[in-house]
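Bear in mind that the values in this text are calculations on the coordinates, not laboratory data. This structure is a prediction, so every number in the text was calculated from the model and none was measured. In this analysis, Cβ positions are derived from the backbone assuming ideal geometry, glycine residues included, and neighbour counts consider all displayed protein chains.
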Amino acid sequence: MQQRKTLLLARLGLFTTLTVVMQLAGLPQPVTGPLVNAMLFLTAQLLRPRDAAILGVITPVTALVRGQLPPALAAMLPVIAAGNIAMVYVFAAAASRKSAPSRVFGLRWTAAVSAASAVKFALLYAGVSLLLPKLLAVSVPAPLIALMSLPQLLTALAGGLISGAAMVLLQRKQEIS
């Protein structure tokens, strides 16, 4: 039991390190966003949704420190973290089946990625367009709202595709071994 906990913690450390390194690499947001989302999906699939949720809290802080998240959106950190957490839990719930794991790129898996991405998008968009203006009593500039809208849906969907491709490669490697 203790050995399993240690192994899970070590794997979470590895996934966290890989994700932070990707964020710090200085790649453009259209590359970094899908890669980070892919790591969130992979962590939910290969470890546990709770581990992916932990990673989902770390990534927006790293994005702020790295400068990928504009300082004007620092108040969005809890909303972004909540969006990441919701995404991984919706994915895990929709993709899992007690009797058998869902087939990567199958209907259940694709629906899970789509639903999870849509939930993340909805939370981020609502956060920046409704919650943030009420909490801070300021008008959020349209470019910042745009940053937290459609691009978030697209990067989450792309992350799902990347994680699916990675899972297929991992499954093939296991079949060969």
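Compactness ratio of the range 132-177: Cα Rg over 2.2 N^0.38 Å, N = residue count? Mind showing how you got there, number by number?
Working: Rg = 18.8 Å, N = 46, 2.2 N^0.38 = 9.4 Å.
Taking the Cα Rg and dividing by 2.2 N^0.38 Å, one obtains 2.00.
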*Report the residue, chosen from Gln152, Gln23, Gln68, that carries the largest GNM mean-square fluctuation when the chain is represented by alpha-carbon nodes joined by springs under 10 Å.*
Gln68
*Return the distance in nm (one decimal) between the two label points of a simple spin-label model at Glu175 and Ala122, each offset 7 Å from Cα along Cα→Cβ.*
3.6 nm
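First measure r as the distance between the Cβ atoms of Arg50 and Thr17, then evaluate 1/(1 + (r/R0)^6) with R0 = 22 Å and state the FRET efficiency to the nearest 0.05.
Details: r = 18 Å, r/R0 = 0.82.
Here the calculated transfer efficiency is 0.75.
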_Run the Debye formula on the Cα coordinates of the range 90-159, all scatterers equal and no solvent, and tell me log10 I(q)/I(0) at q = 0.13, 0.19, 0.23 1/Å._
-0.47, -0.73, -0.90
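Give me the number: length gained by fully extending Leu77 to Leu7, i.e. 0.36 nm times residue separation minus the C-alpha to C-alpha distance, one decimal in nm. Numbers along the way, then the final one.
Values: separation 70, 0.36 × 70 = 25.20 nm, distance 2.94 nm.
So the extension gain works out to 22.3 nm.
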